[in-house]
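Taking it in order: structure first as structure tokens, then the write-up.
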Amino acid sequence: MTEFWQKPATELAAAIRGKALSSRELVSATLDRIERLNGDTNAFALVDAEGALKAADAADTAVARGDDLGALHGLPVTVKDLVPTAGMRTALASYIFADNVPAQDAEAVARIRKAGGIILGKTTTPELGHKVLTDSPMHGITRNPWALDRTCGGSSGGAAVGVAMGFGPLAVSTDGAGSGRIPAACCGIVGLKPTVGGVPHETSPDLFGNLTCLGSMARTVEDTVLLHNVMAGPDARDPWSLGGSATPLSLAGDPLSILKGLKIRWMPRMVNDYLDPDIEAHTAKAVGAMTDAGARLVDKPASLDWSLESALVLMRGYQAARFGQVLEKWRDRMDPTMVSALEEGLAQDIGTLQKALPERTALYRRVQAIFDHADILVTPTIAAPPPPATQRADEPLVIDGKPLGPLRRTWYCYTIPFNPSGNPAMSVPCGFTRDGLPIGLQIVGPWHAEQRLVAVAAALQALMPWQGNWPALAGAAGASGGSA
């Protein structure tokens with residue numbers, strides 16, 4: 001018998017609609033699983049068991065009455081602790097906001113609730129979401145379920161761990177420089193960053209300069225599409241959201257059909273000299289599987305300025321504008337790397353920022369040119385397996401005892417450019433290193449090409465299925481929690 005935690009959201013939703021499963025059973029089993037197994041990985045900043053069970057009972061009552069049911073009816077969903085949730089603490093992993101209980105949901109969360117989704121709780125993130133590693137003074141270290149001594153990535157680390165461990169099939173992430181795609185790769189799941197504004201992010205203080213997108217995490221492409229479709233669509237409070245299509249994403253009956261004639265630009269390296277041999281081999285194998293099924297490679301640019309430093313200037317400027325004023329009071333209780341980030345942003349001179357602003361436009365134009373004669377860009381998601389769980393964001397990536405340079409240039413340079421450029425991108429699993437750590441493949445498309453990305457991801461899922469790959473830790477302690 002398959003345990004509830006192993007089943008995709010699409011199946012669970014159908015079982016609830018068909019009255020073969022109650023939301024109360026599913027939510028209770030998920031909460032029990034979190035209570036027993038979360039201690040090792042530390043995926044949650046907060047679990048709202050009472051609220052989730054109350055919502056589950058209401059969902060079951062609606063089924064019994066024959067009400068019209070939303071796409072997520074009765075399903076548990078987790079939300080990253082940066083995204084506002086009404087009546088549920090949103091601390092941003094910081095003592096500064098330890099008492100912050102929003103009165104209103106973010107629009108994406110409101111849409112999840114309207115579709116019948118049940119918010120289980122808030123997943124861990126680094127303080128104020130400032131880095132691609134998930135640890136904070138408030139919540140400690142969140143660990144990779146495939147190897148507890150390794151990082152799960154970040155900043156949506158808790159979200160990725162929750163999906164990888166079966167702590168609910170659907171997770172809301174955020175992605176400002178790879179914060180959704182990096183942990184998806186580290187934890188062996190799917191992570192989608194839509195086009196900027198693809199999911200409304202109306203709570204951002206800087207709507208026009210925003211680099212961050214709200215995204216979806218799940219184990220399967222179908223589940224990722226399910227969550228994205230609920231959250232996506234225009235909202236008058238977010239200007240970026242007004243230019244896209246409101247047409248829901250869908251998946252073809254023949255997932256391989258998208259590959260016939262698909263033109264791929266394959267870039268195994270960007271600015272990084274080092275690429276782990278296992279990652280290079282498995283990502284190239286995935287590209288080979290696509291070409292064997294009908295896709296074709298097109299020439300890649302000889303070189304491209306990816307503007308990593310300009311992206312950093314914009315991010316530091318945003319962080320300093322939003323949080324710089326807290327340093328005087330809270331410095332001693334903050335993550336030292338967050339303090340350094342804010343100090344760096346506050347110290348930027350106006351000339352540096354002036355130069356970075358038009359460079360974002362120039363990057364956009366360069367990235368769009370990639371798709372002049374190609375349908376998608378494919379890269380590794382990260383250049384090396386997850387570093388130690390104790391890795392500091394301001395320390396270099398170290399391979400075989402040799403420091404290679406800053407993480408942003410040597411480990412996650414692949415994800416950064418597509419936040420300032422605004423392009424949709426996603427990470428899907430494509431194998432394991434010889435040490436058993438997941439490997440991620442990044443797929444990037446033109447603006448509003450999410451339909452193309454999920455179609456390609458579904459083809460890869462058919463060619464190299466990953467849905468049955470679970471970390472051994474996920475089956476620990478009997479892994480009970482109901483079956484169907």
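The figures follow:
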| quantity | calculated |
| --- | --- |
| Matching option when the condition is touching a strand residue (DSSP E or B) at 6+ places or on another chain (Cβ under 7 Å), open to solvent by 10 Å² or more (accessible area, probe 1.4 Å) and of a type in the set (Asp, Glu), among Asp400, Asp435, Asp375, Asp394 | Asp375 |
| Pairs, first over 23 Å from Asn419 (Cα atoms) in segment 240-255, second assigned to a loop (DSSP other than H, G, I, E, B) and at pLDDT below 95, C-beta under 7 Å, six or more apart | none |
| Residue check, Leu120 more than 16 Å from Gly180 (Cβ to Cβ) and within 18 Å of the chain's Cα centre (by Cα) | yes |
| Of all residues making up segment 407-419, the number that are open to solvent by 10 Å² or more (accessible area, probe 1.4 Å) and either closer than 26 Å to Glu450 by Cβ or without any contact (Cβ under 8 Å) to a residue 12 or more places away in the chain (or both) | 2 |
| Residue count, segment 440-477 (criterion: within 21 Å of Arg143 (Cβ to Cβ) and either touching a Phe, Trp or Tyr at 6+ places or on another chain (Cβ under 6 Å) or at pLDDT below 95 (or both)) | 4 |
| Whichever residue in segment 111-129 is in contact with a strand residue (DSSP E or B) (Cβ under 9 Å, 6 or more places away or on another chain) and part of a loop (DSSP other than H, G, I, E, B) and, among such residues, is nearest to Ala246 (Cα to Cα) | Gly117 |
| For His139: the one exception among (1) open to solvent by less than 10 Å² (accessible area, probe 1.4 Å); (2) closer than 30 Å to Ala56 by Cβ | (1) |
| Condition broken by Gly422, with the remaining ones in (1) open to solvent by less than 10 Å² (accessible area, probe 1.4 Å); (2) touching a helix residue (DSSP H, G or I) at 6+ places or on another chain (Cβ under 8 Å); (3) on the phi < 0 side of the Ramachandran plot satisfied | (3) |
| Segment 55-77, subset touching a Leu at 6+ places or on another chain (Cβ under 9 Å) and of a type in the set (Gly, Ala, Ser), residue farthest from Ser23 (Cα to Cα) | Ala71 |
| Identity of the residue in segment 85-97, open to solvent by less than 30 Å² (accessible area, probe 1.4 Å) and part of a loop (DSSP other than H, G, I, E, B), that ends up nearest to Ser22 (Cα to Cα) | Thr90 |
| Segment 228-263: number of residues that are open to solvent by 30 Å² or more (accessible area, probe 1.4 Å), among the charged types (D, E, K, R) and in contact with a helix residue (DSSP H, G or I) (Cβ under 8 Å, 6 or more places away or on another chain) | 1 |
| Counted residues, segment 4-20 - those being closer than 24 Å to Asn469 by Cβ and either modelled with pLDDT of 95 or more or hydroxyl-bearing (Ser, Thr, Tyr) (or both) | 11 |
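The values are calculated or read from the model by the stated rules, or taken from the named source; none is laboratory data. Remember, it's a predicted structure, so these values are computed and weren't measured experimentally. Using ideal geometry, Cβ is built from the backbone for each residue, glycine included, and neighbour counts are taken over all protein chains shown. These accessible areas exclude ligands, DNA and RNA; they are computed on the full protein's heavy atoms, side chains included. Shrake-Rupley method; radii C 1.70, N 1.55, O 1.52, S 1.80 Å.
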